[in-house]
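In what follows, a single structure is set out as structure tokens and then discussed.
The values are calculated or read from the model by the stated rules, or taken from the named source; none is laboratory data. Because the structure is a prediction, the values reported are computed rather than measured. Here the Cβ positions follow ideal geometry from the backbone for every residue, glycine too, while neighbour counts run over all protein chains shown.
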Amino acid sequence: MDSTISHPVTEPLLGNGPREDKSKVERLRLLRQRLDVPYDCSSVKHQDALKELWRLAYPNRQLPPLKSDLWKEMGWQNSDPSTDFRAGGFMSLENLIYFARKYPDSFHRLLHKAEGKRAEWEYPFAAGGVNISYMLVQMLDLQSGKMSTKAAVHFVQLLEDDESAFDNLFCVAFQVLDSQWLARQASYMEFYVSTGVKQ
């Protein structure tokens, strides 16, 4: 069980830029394919993934119907989680599941807001995760394929060594969001849900 996330994405990056190599190009292609998959509430695969997230988040609780007010407890903005995936797509759900499986202690600490002085109204955990996925895609300019920013160049270097680099970066970014939230003593009204997530 982890206590904190320690991963190469948090370490300084060195190098002169990305080397064109087949594994890196293939990993980038596969990542871009993931970006193009919207969450489909009629897909059994997508429904099963959402159910898996519930089981990972609440292993001792009964699985609710796919439309239930109980989903709000996880931080979905209404009783139908499928409406929160618009900008993050299916990959944002995969990111949340990866976080829960790979770093269960950190996932549960953030889900249950178990650390620090918390505001009465907290940021919505699940919607926050979708927002983080969307923000990282924008920051790394993954959809354009240009990969010309410094962050994108470093990310491609990470991807060469770790096919789960985006998922791990998501986990680190989620912890950063939470620590900044605590440092600022923020409240729900200060939670920024990007326009892309709302659309």
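Evaluated against (1) under 17 Å from D167 (Cβ atoms); (2) modelled with pLDDT under 95; (3) out of contact with any Pro (no Cβ under 8 Å at 6 or more places or on another chain), R19 falls short on exactly one condition, (1). Residue count for the range 52-83 under the criterion of being surrounded by 14 or more Cβ atoms within 10 Å (Cβ to Cβ), among the aliphatic types (A, V, I, L, M) and free of Cβ contacts under 8 Å to residues at least 24 places away in the same chain: the result is 1.
For the range 146-175, taking the residues that are free of Cβ contacts under 8 Å to residues at least 60 places away in the same chain and in a helix (DSSP H, G or I), the one that is farthest from the chain's Cα centre (by Cα) is identified as K150. Of all the criteria given as (1) assigned to a loop (DSSP other than H, G, I, E, B); (2) over 16 Å from the mean Cα position of the chain (by Cα), the one not satisfied by W71 is (1). Got a number for residues in the range 26-78 being polar (S, T, N, Q) and closer than 21 Å to N131 by Cα? Residues meeting the conditions: 4.
Looking at K146, is it modelled with pLDDT under 90, within 23 Å of P38 (Cβ to Cβ), out of contact with any Gly (no Cβ under 8 Å at 6 or more places or on another chain) and among the basic types (K, R)? For K146, the condition - modelled with pLDDT under 90, within 23 Å of P38 (Cβ to Cβ), out of contact with any Gly (no Cβ under 8 Å at 6 or more places or on another chain) and among the basic types (K, R) - is met. Of the residues G129, G75, the single one that is touching a helix residue (DSSP H, G or I) at 6+ places or on another chain (Cβ under 8 Å) and at positive phi is G75.
Residues that are of a type in the set (G, A, S) and modelled with pLDDT of 80 or more were ranked within the range 22-51; the one that is surrounded by the fewest Cβ atoms within 10 Å (Cβ to Cβ) is S42.
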